[in-house]
Each structure stands twice: as C-alpha cells, then as structure tokens.
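Okay, so here's the structure we're looking at.
The values are calculated or read from the model by the stated rules, or taken from the named source; none is laboratory data. Quick caveat: nothing in here was measured; it's all calculated off a predicted structure. No Cβ is skipped: glycine too gets one built from the backbone with ideal geometry, and neighbour counts run over all protein chains shown. Keep in mind that these areas ignore ligands, DNA and RNA; they rest on the heavy atoms of the full protein, side chains included. Shrake-Rupley method; radii C 1.70, N 1.55, O 1.52, S 1.80 Å.
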Amino acid sequence: MTNLQSSPPSFNYYNRKKLVTILSIDGGGIRGIIPAVILAFLERLLQELDGEEVRLADYFDVIAGTSTGGLITAMLTAPDDYNRPLYAAKDITTFYLKHGPQIFPQERGPLAQLISFIKAMTGPKYDGKYLRHMLREKLKETRLHHTLTNVVIPTFDIKTFQPVIFSSYKILSYPDLDAKLSDICIGTSAAPTILPSFYFQNAFENGKTREFNLIDGGIVSTNPTYLAINEVTKQMMKENPDYGTIHNKLLVLSIGTGSGKIEQKYNAKTAGKWGLVSWLFQNGSSPIISVFYEAGADLVDYQNNILFQSFRSEDKYLRVQDDSLTGTTASTDVATEKNLENLVKIGQELLNKPASRVDPETGHLKAIPHLGTNADALRRFAKQLSDERKYRRGKDSNQMQEYS
C-alpha cells in the first residue's frame, strides 16, 4: 500500500501565507527549451536574493505542466537522495540538448520528408522507447506524493474519453492517481501522431489496480495555468467553504513554449481544398493539431488576463510567451543541433523582449509599457516570491516560539 503521509502539505493559508504561488509551464515538445531558459534566469535571481542553495520548488505552492511542461515539472519537484530537487533549473536546458536528439531522432537525406510522411500515415512518428527508458531511469520509483511541492499534470484517457488530472491535492481522496512520475510524464507527453499513446496499470492501496490509456495532456489544456488555479481554488474552499474569490490572493507565473502565429503558414483558400491527409500532414507538421493546441493556450491566457484585471490584481499574473516563431523553431520535434541552438537563443532573447499580454482582437502579443522587459518583470516577480518565502519563514519561526 502506498504511504500518502508524505504528500505535500495543504495550504494552511490562514496561518502561514499572504499569497498562493503558482508556476505553470506549457506543452510544446522540444520547444520546452524556451521555458527552461526562462526558469534558469528566475532561479538565478532567487539565488541572488536568498542564497545559492534555493530552488524553484522552495517558492511555489503549485507547479503545473502539460506535456514537455510536465517533464519540467517533474524535474523541478522530484526529490534526489538528499530530498532536494532532482534538477536545478539551469540543468534543464542541458537535459533537452542532450536527450532531445534521441527522443526525436531526425530523418536525414533526400528522402527524409517522404519517410516522415509515411511514418505519419502508418503510426507515430517516433517509437518513444528512448523517452520511456530515460524517464524511468531518472525518476525511478518516485510517485506523485513524493514531490517536493504540489504538482498538477493533465493527461487524457482515450478509453474512458475523460481528462485525467494528476494532482497532489487529489491523491488522498483518489489514491489510484498516486502513480509513478515517470508514467505520468510519459502519458502527458504522448502527443498524437508524434509519440505512441501510453498504457500502464497503477497499483495502489490493498492490492487494487487502475489502468490508464493516456495521450498528450495538451488535449486537455496546452496551457495548464487555469487547471492549477482550479486545483488551488478547490483546496482553499475545502479549507474554508465561506471564503470568497481568491484571484487577488494568487501570484502566478505562466510560461509558454512559443508559437508561430505571425508567420502566415496557411490560408482559407488553400485549406478549403484539404482532405484528411492534408489536415494531418503539411510540411512536416499537423495543421489540425497545431491549431487546436495554439488556440487552447491563448484562450487560457485571455481568460486569466480578464480575471486578474477584474479583481484589480494584474500585477499578480505574469505570462512570458513568444509568438514570433517561424520555420523549424515552431515545430515540436525538430531536434537538429541548429534548431536546438536557435531555441536556446530564442529563450535568451525573450528575456529582453517587452513584457506582453495577448490581444484578443488580433491574437498577437501586445507590449505593456510599464512592465518593461520580461527580465524586468521577472525581477519584480522574484522579489515577490522571496518576500513571500521570508514572510512564511518568519511566521513559522514565531509559531515555533509560541509552542516552545
């Protein structure tokens, strides 16, 4: 029977916290390099404020991630042998550069595009064996309840045709969700046409088992920010049913993996002639899947902007995203050396771009002048995180003195 006593603690909001802190990381395959660069910058800022030993998991009450964002979530929150995060944020980019070409091995030569097309028509583009082996080796027996802070990772079960949200807050009520992190990560990354769907059985209390038939969490939400907020809301209402709105009590950082909307890849005249094959495969990617994922991510961002504006707490929500990707950088699986280097560069350049919010009328990002660059906004965000952590440590210290 799985021991759930080591599950991440509940909020104890009224005793310890001014703000509930949330980090959300989008899906996007190999484009996970972009949020990896942003997170390394944020963790470095926090270390400048609070010491070299601190990690992102020390600051966020909840870390949510979809697909590649789910992998990053696991790396930031899974414990090592010393009960500290398995990966520092600065090591995640190196992880992608090292393992990306093996996860997404590239076809080469004059027939590469034809071979990719045939694979897309006959089965998943990649067999996923390397990813499964690597995750099992890195995460070993680590389960959801072992994470160093609360996590939320969405998947979709194609047998029950229902979303499955692997959430730290659910496992006391639903112990069948307390699966191995490796299995959860494989499931949330199983993007249709790219990687195979994933079946596993999870053994939980008293010898019971539950089977899962999972595909990419992006089917549920490419941008899992709102899922994380929902989980927090349910938890806080559970602790105090009379509590009202919480959006002015949240501190949320949402990081995208980039999109390519500025480049007009398709038009209605051309797409109007497409059949099933064309919608599934164009120039090495799937238009229908790309459109579905991109629209979902921006809709979540738009909803969050409206909510935080309505509660006059816009300074508590920061979205870092780039909508100017073109060519192979907009792909989820081009893991050539050149493209990997370009994605690192895009992440670094994103720090110097203006902090922005999505314009619902145009679908493009619109700069918010008073926020400065993304780096400026992240510096202010890091200070808020540091202040919250110091406040909590002071409260904990005072409570210990009271009971001593």
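Side notes on the structure shown:
- Qualifying residue in the range 97-120 (condition: open to solvent by 10 Å² or more (accessible area, probe 1.4 Å), over 27 Å from residue 336 (Cα atoms) and either part of a loop (DSSP other than H, G, I, E, B) or touching a helix residue (DSSP H, G or I) at 6+ places or on another chain (Cβ under 6 Å) (or both)): no
- Meets criteria (farther than 15 Å from residue 378 by Cβ and in contact (Cβ under 8 Å) with a residue 12 or more places away in the chain) for residue 86: yes
- Among the residues of the range 147-162, the one identified as crowded, with 19+ Cβ neighbours inside 10 Å, farther than 18 Å from residue 68 by Cα and of a type outside the set (Val, Ile, Thr) is 148.
- In the set (1) open to solvent by less than 50 Å² (accessible area, probe 1.4 Å); (2) over 19 Å from residue 27 (Cβ atoms); (3) at pLDDT below 70, residue 284 fails one condition alone, (2).
- Close pairs from the range 249-260: first assigned to a strand (DSSP E or B), partner among the basic types (Lys, Arg), Cβ under 6 Å, at least 6 apart: 250/316; 251/316; 254/319
- Here residue 124 fulfils each of the conditions (1) in a loop (DSSP other than H, G, I, E, B); (2) modelled with pLDDT under 95; (3) over 15 Å from residue 216 (Cα atoms); (4) open to solvent by 20 Å² or more (accessible area, probe 1.4 Å) apart from (3).
- Counting the residues of the range 163-220 that are open to solvent by less than 30 Å² (accessible area, probe 1.4 Å) and on the phi > 0 side of the Ramachandran plot gives 0.
- Residues considered: 344, 300, 320. Of these, the only one that is under 24 Å from residue 192 (Cβ atoms), of a type outside the set (Gly, Ala, Ser) and either modelled with pLDDT of 90 or more or within 18 Å of the chain's Cα centre (by Cα) (or both) is 300.
- Restricting the range 5-48 to residues that are on the phi > 0 side of the Ramachandran plot and modelled with pLDDT of 70 or more leaves a set whose member that is farthest from the chain's Cα centre (by Cα) is 29.
- Exactly one residue among 390, 395 is in a helix (DSSP H, G or I), open to solvent by 60 Å² or more (accessible area, probe 1.4 Å) and modelled with pLDDT under 90, and that residue is 395.
- Selection from the range 60-96 of residues that are more than 15 Å from the chain's Cα centre (by Cα), farther than 24 Å from residue 17 by Cβ and outside any loop (DSSP other than H, G, I, E, B): 90, 91, 94, 95
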